Amino acid sequence: MESFDKRRLKAQTHATRQWAVQALDLAVLSCVAVMPAGLLFAGLQFAAGNAAWGALGMLVGLAGALGVYARLILPFTLRVKRLEVRDSGLEIGELGSPLKLVFFSDIHVGRVKQAAWVRKVVDLVNAQHPDAILMGGDPVLRGAC
């Protein structure tokens, strides 16, 4: 039977993870708000003749845009990279035909990336017509299960 201290530690760890997830969500939302606010501030400052403050507003807007890209766009980008490995000493099958492997990783299924995301990944993997599929990295987001 688990001791009270171990149960309390597990509860505290779970609460800390939840707090971290909520902080990350807040950071994403702030990026969405910071980008237009920074650009609006820059426009107003440039219009008022304050080039230095306008440039600062542009930097803030750019930082917000990078945050939006890094958190809301890039994680949902899938790409196929083909790599051919040759080894004359390697025998592959009786026909000697090349072996097609698909490797993918870090799909992070969780609160944001759900069934539709998994279907998109599966469809892209299957479209490659692989002989074998290798999966690495984090299949689920920590705390999502």
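The values are calculated or read from the model by the stated rules, or taken from the named source; none is laboratory data. Because the structure is a prediction, the values reported are computed rather than measured. Neighbour counts run over all protein chains shown; Cβ positions are idealised from the backbone, glycine included.
Matching residues to (1) of a type in the set (Asp, Glu); (2) under 13 Å from the mean Cα position of the chain (by Cα); (3) modelled with pLDDT of 85 or more:
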site: GLN45; (1), (2), (3): no, no, yes
site: LEU59; (1), (2), (3): no, no, yes
site: VAL68; (1), (2), (3): no, yes, no
site: LEU74; (1), (2), (3): no, yes, no
site: PHE103; (1), (2), (3): no, no, yes
site: ASP123; (1), (2), (3): yes, no, yes
site: PRO130; (1), (2), (3): no, no, yes
site: ASP138; (1), (2), (3): yes, yes, no
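I'd like to verify a number: residues in region 109-133 that are in a helix (DSSP H, G or I) and free of Cβ contacts under 8 Å to residues at least 40 places away in the same chain, how many?
Residues that pass the stated criteria total 9.
Which ones in region 110-140 are among the aliphatic types (A, V, I, L, M), in contact with a Leu (Cβ under 9 Å, 6 or more places away or on another chain) and surrounded by 11 or more Cβ atoms within 10 Å (Cβ to Cβ)?
VAL112, VAL121, LEU124, ILE133
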